[in-house]
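Let me begin by presenting the structure, written as structure tokens, before commenting on it.
The values are calculated or read from the model by the stated rules, or taken from the named source; none is laboratory data. Model, not experiment: these values are computed from the prediction. Cβ: placed from backbone, ideal geometry, glycine included. Neighbour counts: every protein chain shown. The area values use the complete protein model at the heavy-atom level, side chains included, leaving out ligands, DNA and RNA. Shrake-Rupley method; radii C 1.70, N 1.55, O 1.52, S 1.80 Å.
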Amino acid sequence: MAEERTIVVTGCSSGIGAHCARALKADGWRVFATVRKPEDLAGLEADGIEALLMDYARTETISELVGAVLERSGGRIDALFNNGAYGQPGAVEDLSTSALRAQFEANFFGWHELTRQVIPAMRKRKEGRIVQCSSILGVVPYRYRGAYTASKFALEGLSITLRMELQGSGIHVSLIEPGPIATRFTANALAKIKEHIDVRNSPHAADYVRQLARLDGSGPVNRHKLGPEAVYSVLKHALNSQNPRPHYPVTTPAKQGMVLKRLLPADLFYRLMRWTD
């Protein structure tokens, strides 16, 4: 029998990570799923998934995770799906540097640290897959999402550079760019805007009313929103194809955004995005 392939999936307490961890397990992978909170371990373990604690913002937990996976798997890590992240809403001028730094710690620097630590195991086997769950906001900008957009733009640039540098090594790097997906992401973003943004005294106060309505569910429902299974369908291709793509846009808005950015003059495109809501 073929040896079971091993994958590390981060951000598995809910949403995309939780769905993909269980789907990968059902498809025959040995899944090491990470969560930040101890109370989120039991649900994954009940489904036969090896769940471990890791927080991107705490480097020591990344090293502990990689060490534990290598010990349990006999040094084998076939794939990494970086997924855990959060969004910090708010106008750029309202963002403190500390809030922006925290966004990058969780969405960018932690991902880089984990990726660097798994590559040596992949190099030993001369094969591996690194899949980054980015966002369409890593390709096109969006008002009041500057911190998240900046972290994803940085992730896109670093990951594509890594893909080019690893060419010929047997290790492939791909980016998934979802648009709206049904997860707890907006609920977490709502908590972050309340924590870090002085909504009432901002020059953008009127716009925040609409933004808060989107986040708390009282505003209009996005009819293009898909479930996390839409992400899994492209993740499977990135993990299994002999020639995985560099980019996998998911949802109609994500695909439309990529096409429009490529076709429209920059000024027209950004004016169009200015009024997209």
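Considering the zone a paramagnetic label at Asp27 would reach in this model (a point 7 Å from Cα along the Cα-to-Cβ line), which residues of the range 228-270 have amide N under 20 Å from it?
228-252
Which residues does a label at Lys255 reach in the range 117-137, if reach means a backbone N under 19 Å from a point 7 Å past the Cα toward the Cβ?
Inside the label zone: 134-137.
Ranked highest first by the average count of other Cβ atoms within 10 Å around their residues, in what order do 167-175, 206-214 fall?
167-175, 206-214
Quick check: Cα centre of the range 105-123 to Cα centre of the range 187-212, how many Å?
Rounded to whole Å, the Cα centres lie 32 Å apart.
Based on the Cα atoms of the chain, what semi-axes does the equivalent ellipsoid have, where each is the square root of 5 times one gyration tensor eigenvalue, given in whole Å with the largest first?
Equivalent ellipsoid of the chain: 32, 21, 17 Å, largest first.
Just how far, in whole angstrom, is the range 66-91 from the range 152-167 if you go by their alpha carbon centroids?
Result: 17 Å between the Cα centres.
With r as the distance between the Cβ atoms of Leu158 and Leu272 and R0 = 35 Å, compute the FRET efficiency 1/(1 + (r/R0)^6) and round to 0.05.
0.80
Which one of Val231, Val259, Val250 has the biggest mean-square fluctuation once the chain is modelled by GNM with Cα springs under 10 Å?
With Cα springs under 10 Å in the chain, the top fluctuation among Val231, Val259, Val250 is at Val259.
Treat each spin label as a single point 7 Å out from the Cα along the C-beta direction, and report the Ser96 to Arg72 distance in nm.
About 3.7 nm, to one decimal.
Just to confirm the number: angle between the C-alpha axis of helix 146-165 and the first principal axis of the chain, 0 to 90 degrees, nearest 10?
40
Hey, rough spin-label estimate for Glu195 and Gln242, points 7 angstrom out along Cα→Cβ, what's it come to in nanometres?
For Glu195 paired with Gln242, the spin-label model returns 4.7 nm.
First measure r as the distance between the Cβ atoms of Lys124 and Glu39, then evaluate 1/(1 + (r/R0)^6) with R0 = 25 Å and state the FRET efficiency to the nearest 0.05.
0.10
Mind running the shape call on the range 186-277? Use the C-alpha gyration tensor, a ≥ b ≥ c as the square roots of the eigenvalues: rounded below 1.5 for a/c, prolate if a/b tops b/c, oblate otherwise.
The shape class here is oblate.
Summing -39500 (n - 2.57) over the DSSP H runs of n ≥ 4 in the chain and dividing by its residue number, what mean residue ellipticity at 222 nm do you reach, to the nearest 500 deg cm²/dmol?
-15000 deg cm²/dmol
What shape does the range 30-170 have by the C-alpha gyration tensor, where a ≥ b ≥ c are the square roots of the eigenvalues, rounded means a/c under 1.5, and otherwise prolate means a/b greater than b/c and oblate the rest?
Note, shape of the range 30-170 comes out oblate.
In the full protein assembly as shown, how much of Arg58 is accessible to a 1.4 Å probe, in Å² to the nearest 10?
Solvent-accessible area, nearest 10 Å²: 120 Å².
Using a probe radius of 1.4 Å on heavy atoms only, what accessible surface per residue do you get for the chain? Whole Å² is fine. Display every interim value, and only then the final one.
Values: 13680 Å² over 277 residues.
Dividing the accessible area of the chain by its residue count gives 49 Å².
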